[in-house]
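First comes the structure, then the notes that go with it.
The values are calculated or read from the model by the stated rules, or taken from the named source; none is laboratory data. Everything numeric in this text was worked out from a predicted model, so none of it was measured. Counting neighbours? That spans all protein chains shown, and the Cβs are built from the backbone with ideal geometry, glycine included. Note: areas computed on protein heavy atoms with side chains; ligands, DNA, RNA excluded. Shrake-Rupley method; radii C 1.70, N 1.55, O 1.52, S 1.80 Å.
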Amino acid sequence: MTATVTMDRLTRVPGLLYGGDWNPEQWPEQVWAEDVKLMAEAGVNLVTVGVFSWARLQPDADSWDFGWLDRLLDLVHRHGIAVDLATATASPPAWLVRAHPELLPVTADGVRLEFGSRQHYCPSSPAYRQAAVRLTRALAERYRDHPALALWHIHNEYGDHVQECFCPASAADFRRWLRERHGDIEELNRSWGTAFWSQRYNSFEQIEPPRTAPGPVNPTQLLDWRRFCSDALLALHRAEKAVLDEVSPGVPVTTNFMSMLKALDYWEWSRHEDFVSDDAYPDPADPRAHVNAAMNYDLMRSLKGGRPWLLMEQAPSAVSWRPVNVPKAPGLYRLWSLQALARGADGVLHFQWRASVAGAEKFHSAMLPHRGTAARGWQETVRFGTELRRLGELAGTRLRGQVAVLLDWDSWWALELDDHPSARMRWLDLLRPWYAALYERGVTVDFVPPTADPDGYPLLLAPNLYLLDTATADRLTAYVRGGGRLVCGPFSGITDRHDHIHPGGHPGPLRELLGIVVDEHWPIPDDATTSLTPAGTEPPAEPRTELRAELRAELRAELRTELRAELRTEPRADLRTEPRTDLRTDLRAERWSEWIETETAETLVRYDSGALAGLPAVTRNRLGDGSAWYLSCHLGTDLGAVLDPVLAEAGVGAELPGLPEGVEATRRHAADGTGYLFLLNHGPVERRVPLDAPGTDLLTGTEAATAVTLAPLGAVVLRLPAPQERA
Ligand code: GLA
Ligand code: GLA
């Protein structure tokens with residue numbers, strides 16, 4: 001059992017956290033003195049130390065060298081700086097690797113990856129785990145009472161470089177995991193559907209990891225492998241966490257997540273974190289990078305139900321690992337740092353403090369660049385450190401999303417298995433337009449797991465629910481019956497937790513809730529699109545599934561003619577009920593469409609071209625006190641037009657009405673009701689933003705009554721008094 005320290009403040013350090021990874025072992029000790037002096041000048045209050053120090057801390061199997069770290073921790077403490085102490089386990093030293101070559105990871109093709117980089121370990125290797133736990137214990141015992149210690153940083157970016165290993169130790173661990181999950185071999189045969197292609201197993205001993213095979217590998221084997229790989233890394237993390245909880249209780253523990261990472265089920269992982277921290281590297285060359293960043297930050301906040309999180313790493317300017325590494329233009333570093341705070345972070349840390357002169361990351365930007373204190377980057381470091389101190393009262397304040405988006409790693413993994421109707425149904429590609437549409441409308445999003453009770457949200461969006469168990473479907477149905485509004489994206493309700501098709505027609509357990517049935521999936525190839533048009537017809541009297549195929553074809557042809565005639569004669573304004581009149585008439589589906597038939601749902605939008613012309617594309621089913629929409633196609637950038645009437649019906653509007661284009665607005669709230677309105681201008685032109693209440697800009701101390709003007713890349717953080725104070 002690992003205990004989690006529940007806290008709204010991430011550490012005992014007052015205010016917001018500011019600092020970064022510091023790799024002092026790369027420098028002679030004389031440099032450290034200058035480092036701490038400059039840290040104090042920049043307002044740094046937390047440094048992450050020891051992330052890659054294993055070889056320095058333990059020069060060989062039986063010797064330890066803590067002297068340098070003792071001196072370092074004492075030094076930073078004298079300068080009033082706290083330490084986020086890493087367990088240093090992400091890069092096993094050469095002596096350990098040579099003593100236990102079997103701990104090196106093996107690829108699906110059987111290639112053993114060599115020493116000479118980092119993260120070279122098999123997650124299931126007993127030798128690696130023992131050594132990692134031993135090092136963690138040695139560090140915890142030595143430093144648990146050190147006054148500089150503010151938090152523990154386990155490992156580094158689990159899942160970076162190596163996410164899976166196919167060696168014999170992994171195979172044995174996989175079999176153990178399968179036994180625990182499936183109990184006996186007959187159950188596994190059923191779950192994996194091994195009657196197919198003669199894949200039957202007589203015993204667990206016959207099972208291997210899904211190594212490279214001649215053709216398509218059993219999908220349930222692959223799905224269980226994904227689950228196992230996330231669990232295998234989590235087991236390592238939990239082994240270190242257990243040591244820290246035992247030896248150093250009360251000191252919070254975190255590991256740095258990697259934003260929306262497919263390999264690790266962060267819902268499960270975050271249960272074992274005292275708080276969530278994240279590494280985020282939006283690309284300055286991508287004009288939409290801030291939208292993706294917002295999405296990642298919303299996830300990080302959501303992982304622990306809205307509690308503050310920590311931006312553990314970001315680049316002060318350029319990174320070094322993209323093919324082309326564009327720096328952050330003046331102002332962008334500050335704006336993007338504030339964006340993390342705007343979405344619930346309680347601190348901004350960096351990779352890294354001082355730029356390296358050797359190694360694979362010597363071209364990576366740092367808070368203190370190679371040029372030293374004359375560098376532009378250093379000026380930004382000092383300036384932002386000063387600003388951050390003015391925002392100290394934000395620490396521990398929270399924000400809550402207006403709508404919920406359902407994210408399920410199991411479904412993500414299953415969706416992206418091979419041999420599907422279209423290889424282009426990738427979870428992040430499906431999700432992004434949903435998030436972007438909400439972002440552009442100024443609506444704040446919380447992510448929720450499939451096990452969540454979404455009752456507190458007026459609207460729940462499920463961009464894709466490919467794998468869906470009946471328990472989740474029942475929860476969604478109860479939510480809608482109770483007055484909730486659900487919007488479900490295409491290719492949903494397809495398989496159960498073993499990735500077997502729900503029999504009896506898609507969307508399986510969602511069929512009654514959505515009031516539709518899918519006859520056939522109809523992926524749209526390449527760059528082709530299918531046009532859509534708002535519907536004006538009533539729901540069909542009888543379920544059309546009763547119809548035989550020829551009849552169906554006839555009906556389609558007829559319907560098409562009827563519809564065309566109707567659309568020609570009826571003016572658009574006549575398309576009745578108000579949400580429908582809002583729909584644009586130039587919508588296009590891309591990537592994916594479905595032949596669907598309505599059962600109890602009404603059709604809001606129809607396909608207007610291609611083989612599906614005339615058939616329903618977007619539907620709404622009233623059930624109990626709520627409604628469930630189904631989008632049978634991928635709408636890309638046109639999705640917002642379909643979501644507008646849904647948002648209107650759910651009573652969800654922009655966080656701040658009248659927000660100009662390119663401006664992001666979010667609100668944090670203190671327990672006493674004080675609000676903090678962040679306004680961030682991501683655009684290249686000055687913007688005037690009307691306010692719904694007067695406030696004080698914490699960054700400048702200026703009062704703003706009815707509006708603020710934001711320069712390009714400009715930002716304000718307005719303190720809004722609690723409602724009773726205002727009155
Ligand atoms: C080949 C194989 C069949 C089946 C089909 C699928 O013809 O012989 O077993 O895989 O392809 O198209
Ligand atoms: C990750 C790692 C760091 C460093 C940075 C570079 O976040 O955790 O050690 O490699 O990337 O961007």
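In the condition set (1) away from ligand 2 (no atom under 16 Å from the Cβ); (2) surrounded by fewer than 18 Cβ atoms within 10 Å (Cβ to Cβ); (3) of a type in the set (Ser, Thr, Tyr), SER125 is compliant with all but (2). When THR386, THR373, THR397 are checked against the criterion of being open to solvent by less than 10 Å² (accessible area, probe 1.4 Å) and either farther than 25 Å from ASN156 by Cα or away from ligand 2 (no atom under 14 Å from the Cβ) (or both), a single residue qualifies: THR397. Step by step: first the residues of segment 150-164, then only those that are touching a helix residue (DSSP H, G or I) at 6+ places or on another chain (Cβ under 8 Å) and crowded, with 21+ Cβ neighbours inside 10 Å, then the one that is farthest from ARG118 (Cα to Cα). Which residue is that? Across segment 150-164, the extreme among qualifying residues is TRP152.
Considering only residues of segment 346-365 that are without any contact (Cβ under 8 Å) to a residue 60 or more places away in the chain and open to solvent by less than 10 Å² (accessible area, probe 1.4 Å), which is farthest from ligand 2 (Cβ to nearest atom)? That would be ALA355. Looking at segment 24-69, which of its residues are within 16 Å of ligand 2 (Cβ to nearest atom) and touching a His at 6+ places or on another chain (Cβ under 9 Å)? Within segment 24-69, THR48, VAL49, GLY50, VAL51 qualify. Look at (1) hydrophobic (A, V, I, L, M, F, W, C); (2) open to solvent by 20 Å² or more (accessible area, probe 1.4 Å); (3) more than 30 Å from CYS167 (Cα to Cα) and you find that LEU73 fails only one, number (2).
Each row is one residue, and each column tells you yes or no for (1) at pLDDT 95 or above; (2) of a type in the set (Gly, Ala, Ser); (3) within 15 Å of the chain's Cα centre (by Cα); (4) closer than 19 Å to GLY640 by Cβ.
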| site | (1), (2), (3), (4) |
| --- | --- |
| GLN402 | yes, no, no, yes |
| LEU415 | yes, no, no, no |
| HIS420 | yes, no, no, no |
| ARG424 | yes, no, no, no |
| ALA462 | yes, yes, yes, yes |
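Is it the case that segment 95-104 has a residue that's in a loop (DSSP other than H, G, I, E, B) and within 28 Å of the chain's Cα centre (by Cα)? No: zero hits. Restricting segment 649-697 to residues that are acidic (Asp, Glu) and open to solvent by 30 Å² or more (accessible area, probe 1.4 Å), the residue that is nearest to PRO721 (Cα to Cα) is ASP672. Can you confirm whether PRO330 is away from ligand 2 (no atom under 14 Å from the Cβ), open to solvent by 10 Å² or more (accessible area, probe 1.4 Å) and without any contact (Cβ under 8 Å) to a residue 12 or more places away in the chain? No. Quick check: is even one residue across segment 440-453 touching a residue at least 40 places away in the same chain (Cβ under 8 Å), among the aliphatic types (A, V, I, L, M) and open to solvent by 30 Å² or more (accessible area, probe 1.4 Å)? The answer is no; no qualifying residue exists.
Here PRO308, PRO287 are screened, and the one residue that is open to solvent by 50 Å² or more (accessible area, probe 1.4 Å), more than 16 Å from ligand 2 (Cβ to nearest atom), at pLDDT 95 or above and at negative phi is PRO287. For TRP321, state whether it is within 14 Å of ligand 2 (Cβ to nearest atom) and either aromatic (Phe, Trp, Tyr) or at pLDDT below 95 (or both). Yes: the conditions hold for TRP321. Of the strands (runs of 3 or more DSSP E) lying entirely inside segment 583-635, those containing at least 2 residues that are within 19 Å of HIS506 (Cβ to Cβ) span 594-598, 602-607, 616-623, 626-631. Remark: pairs (first residue in segment 52-65, open to solvent by 70 Å² or more (accessible area, probe 1.4 Å); second residue in a loop (DSSP other than H, G, I, E, B) and modelled with pLDDT of 95 or more; Cβ separation under 8 Å; 6+ apart in sequence or on different chains) = ARG56/ASP65; TRP64/GLN58. The residue that is nearest to the chain's Cα centre (by Cα), among those in segment 227-283 that are open to solvent by 30 Å² or more (accessible area, probe 1.4 Å) and within 16 Å of ligand 2 (Cβ to nearest atom), is MET258.
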